[in-house]
Structure formats: structure tokens, C-alpha cells
Amino acid sequence: MMEYGYPKGHVFYRKLTRTYPLITHGEGIYLYDEKGKRYIDGSGGALVVNIGHGQKEITQKVSEQMGQVGYVHGTQFTTKSIEEYGEALGELLPKGLGKIYFLSGGSESIEAAIKLARQYFLESGQSQRWRVVARWHSYHGNTLGALSLTGRISMRRPYLPLLIDFPHFPPPYCYRCPFGLTYPECGLECAKVLEHVIRMEGAETISAVILEPILGATIGAVVPPDGYLSIIKEICDRYGIFLIDDEVMTGMGRTGRWFAVEHWGISPDIMVLGKGMSSGYFPLSAMITRGEYVDRLKEKTGGFVHGHTFSHHPVACTVGLAVIDHIKKNQLVEKSSSRGEYLLRRLEELKDFPFVGDVRGKGLMTAIEFVKDQKTKEPFPRTAKFTERVIDSVFEHGLVLYPGTGFVDGVNGDMVMIGPPLIIEESQIDEVIDILKKTFSKME
Ligand SMILES: Cc1ncc(COP(=O)(O)O)c(C=O)c1O
């Protein structure tokens with residue numbers, strides 16, 4: 001059988017030191033390769049595949065749309081699919097958000113959010129406001145603006161000279177509190193410190209604060225304690241600073257609500273979506289904001305000084321609408337909540353293994369953090385490549401998970417994320433747990 005992937009052929013793959021199985025098809029939570037091996041897509045790629053693989057109604061609607069018109073330019077035309085998707089998504093949004101700018105990737109939409117905040121303040125007589133405050137251990141993407149916000153040291157380091165000087169503050173990582181405190185006696189110091197950072201940096205220079213309501217790809221499903229987000233929002237409001245809610249991973253039902261901020265009743269100024277919007281069937285993301293901010297741009301310059309060839313894509317919007325229909329019809333937001341509780345309960349059992357330090361998450365966005373010592377929480381040295389060993393072992397057993405390393409101190413720190421399609425059944429969650437237990441027993 002032919003080996004695919006590096007170094008054969010012309011494709012410049014993301015991982016240069018491994019070969020890639022060739023996937024022939026997917027169905028539900030499963031992927032199948034050309035040798036007939038079945039994989040449970042336990043992380044839906046990178047927590048993308050919300051409605052599962054091989055949903056025929058998506059392909060049918062895409063084919064219809066492509067048959068009508070495959071592309072129009074975003075400055076010249078619109079289509080029924082763009083309009084209808086805008087209405088359907090608009091109805092779901094948290095109060096106050098109403099204008100949706102469709103794009104094709106999470107990073108792209110983060111760039112649009114930074115720019116929208118900047119242009120709004122420029123056109124509101126506050127031209128000194130341009131900097132965005134972000135958090136360490138966050139993930140906002142890999143383009144240079146988004147990477148400047150991202151708090152993942154290993155990805156930033158090679159490109160530091162190219163990055164923008166955006167300030168960072170510590171995340172609400174209770175398992176290893178950056179202030180050495182314990183909730184609730186801590187008084188949510190991790191939220192209050194934002195005010196200190198803003199004042200030190202010069203509040204008048206800050207356009208926005210950006211955060212993932214539940215931290216994802218860099219650190220693994222870290223849920224903030226109750227009260228955290230409302231303090232952050234109150235500080236932003238007091239200093240006239242936008243709150244950008246990055247829901248690229250958490251949005252579209254992943255955490256048991258349509259959007260994770262709903263768990264805490266927060267209404268942001270800008271929201272960014274991606275990943276699960278299309279469930280991976282087509283590149284699709286969005287930057288969403290309040291009507292009054294867009295009105296300001298309309299009154300002043302007449303438009304948003306921004307644009308991409310593939311923004312407002314008619315086929316992408318067809319997919320987005322079909323995904324919303326599917327989620328509603330199959331009550332996947334509710335399922336994400338109940339199956340998520342079941343998954344988290346079952347993950348708790350893994351704490352019997354001495355190297356499982358923490359299990360955490362909300363809805364079907366969960367993670368396991370590994371430690372060398374459960375009591376002291378000492379991480380494994382990076383040279384042990386613990387996460388990589390877990391990922392490779394479960395892969396052999398036909399389970400795909402999403403890895404993360406380096407979040408404890410920039411070098412060490414091991415976790416895997418479990419974020420399966422929202423259609424997963426309890427018996428399939430049991431399958432995932434069985435594979436994890438089998439793998440962990442061997443590793444022990
Ligand atoms: C919270 C968050 N924001 C932004 C991004 C960047 O999205 P993309 O990889 O589609 O550019 C990601 C991707 O993992 C993400 O998790």
C-alpha cells in the first residue's frame with residue numbers, strides 16, 4: 001500500500017516527521033482510512049466537527065447552491081444564502097449583537113475584530129486607542145495580528161520581531177492559580193488585575209480586551225470561575241474599552257449553549273466565530289458587532305476599511321445555514337450540555353491514574369491535564385513528550401484527540417482535549433473512555 005504524506009509528493013504537510021493515513025470517508029463521529037481502519041474523531045479535528053461527518057443534507061444544499069451560483073464578490077452582490085444565513089444566525093446572537101461580517105477562518109475574523117475596534121475609535125475622535133489587551137495561554141490564531149494576541153509562547157517565539165506590542169495578563173487558571181490563591185477566597189484577583197494592566201499601559205491607548213470565554217487550544221478547556229467575566233466586562237465598560245469575545249472554539253453549541261458567554265449572561269461588543277459554524281464542511285468564520293458601531297463607520301468613512309476575496313461567500317453561507325438547521329432539528333445544543341456532563345463525569349474516573357492531574361471543561365469541550373506528581377502538580381519535563389505518547393497510543397487504538405503542550409511555564413505542560421461531535425451518544429463516550437483507560441494502563 002502506498003504511503004502518503006511527507007516526504008512523498010508536492011504537498012507541504014503541517015507535520016513533517018510523520019506520514020498521514022488517507023481518509024476515504026467519514027460517518028457520524030467516525031473517520032475511515034483507505035486500509036479500512038476506523039477512528040473515533042474524539043476532538044472533531046480541532047473542535048470543529050459539531051454535527052458529525054457525512055451529513056447528506058449539507059452536501060445536497062451545497063450542490064444546489066453551487067449549481068445556482070458558486071461565487072459573487074462581496075463588494076458587488078449578495079445572494080439569498082447570504083441573507084438567509086445572516087437572519088438565522090442573527091436570531092441566535094446575544095443581545096445587542098446584530099451585524100455579521102462573514103469570513104473564512106478564525107484568524108481572519110480576529111484580524112477583522114482588531115481592525116473594527118481601531119476604525120471605530122479612530123472615527124469617534126479617539127485616535128490614540130489601538131492596542132488590544134489579551135491573556136497569556138490564550139489562542140486567537142496564527143496570522144500576525146492574531147498571533148500578537150495569542151498567549152502561546154512556543155508559537156510566538158520564532159516570530160517575536162514581527163509581532164505587535166499588545167499587553168497580556170494571566171488567565172483564570174484555578175488549577176495553577178497565577179496568584180497562588182484559591183477560589184472564592186481569592187476575590188477573583190485574576191479578573192481585577194486587568195484594571196492594573198490597563199492603567200499601567202495607559203487606558204487611553206487601549207481599544208479592546210480580547211478573551212476566549214473558556215480557554216481552549218493552548219491550555220485545554222479552562223472554565224473561568226463564576227463572577228470572573230462580569231468583572232472583566234465592568235472594567236472594560238468603565239474605561240470605554242471594547243470586549244472582544246473569541247468564540248471560535250466555544251461557539252455554535254460546543255459548550256452546551258449557543259455561545260459560551262451565555263453561561264454568565266455577558267454581552268460583548270464584538271464576537272468572533274469560526275470552526276463549528278460550518279462544522280468543517282466549508283471554510284467559514286464571522287466577525288460580529290453592534291449595529292451602532294457599524295452605523296458610525298457608515299456615517300464617517302462609509303464602510304469598513306477591510307476586505308478579503310472570499311468574504312461573504314454564498315456557498316459558505318449555505319453550509320452555515322444548513323448547520324444551524326441541523327443543530328436545531330437535532331437539539332444538539334441541549335445534547336452538548338447533557339452529554340458533556342456525562343463525559344466529564346466519566347473523565348473524573350481517570351484521576352485514578354497517577355499522571356492525571358485535572359479534568360475540566362463545559363459541554364463537549366473538555367480536557368485532561370497530565371502531571372508527573374498529582375500532589376505537587378509538577379509537570380512532566382518536555383523531553384518526556386508525554387502528550388505526544390498519549391496521542392500516538394490512542395491513535396493506534398483508533399481514537400483522535402487534540403494535543404496541547406508548554407502551557408505551564410512556556411516549555412512544560414501536557415494536556416489533551418476531548419471535544420467530539422455534538423451528536424455523540426453515551427455508549428460512544430464509553431468507547432472513548434475505554435480506549436483512554438486501556439492506553440493509560442499501559443503507560444502506567
Ligand atoms: C479561540 C480561537 N480563536 C481563533 C482561532 C484561529 O482560528 P483558525 O485556525 O481558523 O484561523 C482558533 C483556532 O484554534 C481558536 O481556537
Qualifying positions in region 374-411 - in contact (Cβ under 8 Å) with a residue 12 or more places away in the chain, of a type in the set (D, E, K, R) and within 22 Å of Lys437 (Cβ to Cβ): Glu388, Arg389
Check on Ser154, within 23 Å of Glu378 (Cα to Cα), within 16 Å of the ligand (Cβ to nearest atom) and outside any helix (DSSP H, G or I): no
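Output the residues belonging to region 405-415 that are assigned to a strand (DSSP E or B) and surrounded by fewer than 23 Cβ atoms within 10 Å (Cβ to Cβ).
Thr405
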Of residues in region 274-305 being touching a helix residue (DSSP H, G or I) at 6+ places or on another chain (Cβ under 7 Å) and more than 16 Å from the ligand (Cβ to nearest atom), the one most open to solvent (accessible area, probe 1.4 Å): Val305
Options Phe179, Phe77; residue that is more than 16 Å from the ligand (Cβ to nearest atom), open to solvent by 30 Å² or more (accessible area, probe 1.4 Å) and under 30 Å from Pro225 (Cβ atoms): Phe179
Among residues of region 115-140, those that are within 16 Å of the ligand (Cβ to nearest atom) and open to solvent by 20 Å² or more (accessible area, probe 1.4 Å), counted: 4
Flag for Lys377 being out of contact with any helix residue (DSSP H, G or I) (no Cβ under 7 Å at 6 or more places or on another chain), open to solvent by 40 Å² or more (accessible area, probe 1.4 Å), within 22 Å of Tyr175 (Cα to Cα) and not β-branched (Val, Ile, Thr): no
Cβ-Cβ under 7 Å pairs, at least 6 apart or on other chains, region 135-150 side in contact (Cβ under 8 Å) with a residue 24 or more places away in the chain, far side within 11 Å of the ligand (Cβ to nearest atom) and of a type in the set (Phe, Trp, Tyr): Thr150/Tyr139
Every residue from region 239-255 that is open to solvent by 10 Å² or more (accessible area, probe 1.4 Å) and either near the ligand (Cβ under 10 Å from one of its atoms) or modelled with pLDDT under 95 (or both): Val248, Met249
Gly145 within 12 Å of the ligand (Cβ to nearest atom), at pLDDT 95 or above, in a loop (DSSP other than H, G, I, E, B) and of a type outside the set (A, V, I, L, M): no
Residue tally, condition touching a residue at least 12 places away in the same chain (Cβ under 8 Å), open to solvent by less than 70 Å² (accessible area, probe 1.4 Å) and in a loop (DSSP other than H, G, I, E, B), over region 21-41: 6
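The values are calculated or read from the model by the stated rules, or taken from the named source; none is laboratory data. Quick caveat: nothing in here was measured; it's all calculated off a predicted structure. Don't worry about glycine lacking a Cβ; one is built from the backbone with ideal geometry, like all the others, and counts go over all protein chains shown. The accessibility values were calculated without ligands, DNA or RNA, using every heavy atom of the protein model including side chains. Shrake-Rupley method; radii C 1.70, N 1.55, O 1.52, S 1.80 Å.
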